[in-house]
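Before any comments, here is the structure.
The values are calculated or read from the model by the stated rules, or taken from the named source; none is laboratory data. Everything numeric here is computed off the predicted structure, so don't read it as measured data. Every residue, glycine among them, receives a Cβ derived from its backbone with ideal geometry; neighbour counts consider all protein chains shown. Ligands, DNA and RNA are excluded from the accessible area calculation, which covers all protein heavy atoms including side chains. Shrake-Rupley method; radii C 1.70, N 1.55, O 1.52, S 1.80 Å.
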Amino acid sequence: MLVPRVVAIAHFSGRKGGTGKSTIAANQAIALSMTLKTNVVLIDFGIDSTQTSSRLLGINPDRPGALDYMLGLIKDVNQVLVRSNVVPSVFVVPPGTIKSWNLWGSSISANQAFNALRNLIITASRTANAQIVLIDLPASIDDVVVLPALINTNIINLVMDYANYADIVLAELDNSIVRPLNVQLKLNPIVNVVLNKWLPSLDAVEAKARAFAHNGEVFILPTSSIVQYLTSTLKPFILYEPKGSLEKFVKEFNRMTNELAKQVKALLGF
């Protein structure tokens, strides 16, 4: 089996927004860089104007970025890759000047998008001397960004609200995305399920979600008002002393980070 030189981890929630996906991705970039003592690249595809992960990492997203590179408007990765102002071991590729509505009628094919994104992952990781690339995907399913990113991914983190409808969304993604990757493209990414904003009395959700974690794990992150506050003020929660509701959240987040680190090490042959 070929051992990859870089592991790509996608954070995805299908068409569902507001799951905390970008908050988790940005903080995960910091946590993995600290845990594995390596540089990490985060590619932010917040092309629907949210750009949360870039902002949490101290990057002004109003600059050329991922889609400019993928569409061939920018050819030098150094023009889209920038070191985080918050944690120097994390590098960010912001969404860029192209927004989701600019993609309507775009002439780029799925194959071109796949090759361009693959080149961005490889070149950005080499430039940043990073072995991990995190991809924060938008709340959509399209042929230009989402599908090429998932095909290029070694680990998929499906981030869901901890809610009674989570298994319905997961089943849709499993049928439309994950199984075609396995059956049609012969790919076998690790699929983790992240159930965010846990509240008491909904314990059946976790059991249902386990059917959709392929070679991976189910992680439960509790609701935390402190996490919500820090995110709204554009501060990564992972850098703050865990007190109050943040303490329980960080405990579970660190458990997820340690498991992801094990998955990354196994893929890299460590």
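Points to keep in mind about this one:
- Couplings 3J(HN,Hα) for the range 57-70, derived from phi with the Karplus relation 6.51 cos²θ - 1.76 cosθ + 1.60 (θ = phi - 60°), are 8, x, 10, 6, x, 7, 7, x, x, 4, 6, 4, 5, 5 Hz, where x marks Gly and Pro.
- Prolate/oblate/rounded label for the range 163-270 (Cα gyration tensor, a/c 1.5): oblate
- As a rough guide to protection, the peptides 190-197, 114-121, 69-76 ranked by mean Cβ packing within 10 Å, highest first, stand as 190-197, 114-121, 69-76.
- Helix content alone sets the calculated 222 nm mean residue ellipticity of the chain: runs of n ≥ 4 DSSP H residues at -39500 (n - 2.57) each, divided across all residues, give -11000 deg cm²/dmol.
- Difference of contour (0.36 nm per residue) and Cα-Cα distance, residue 172 to residue 79: 29.8 nm
- Choice from 40, 145, 205 with maximal GNM fluctuation in the chain (Cα, 10 Å cutoff): 205
- Heavy-atom surface analysis with a 1.4 Å probe gives the chain a carbon and sulfur content of 53 percent of its accessible area.
- Accessible surface calculations at 1.4 Å, restricted to protein heavy atoms, place the chain at 44 Å² per residue.
- Shape category assigned to the range 133-177 from the gyration tensor of Cα positions, a/c cut at 1.5: prolate
- Distant-in-sequence amide contacts of residue 194, defined by a placed amide H-H separation under 5 Å and a gap of 5 or more residues or a different chain, comprise 158, 159, 160, 219.
- For the chain, alpha-carbon Rg relative to the globular expectation (2.2 N^0.38 Å, N residues): 0.93
- If you run the Gaussian network model on the chain, springs between alpha carbon atoms under 10 Å, then out of 33, 125, 245 the most flexible one is 245.
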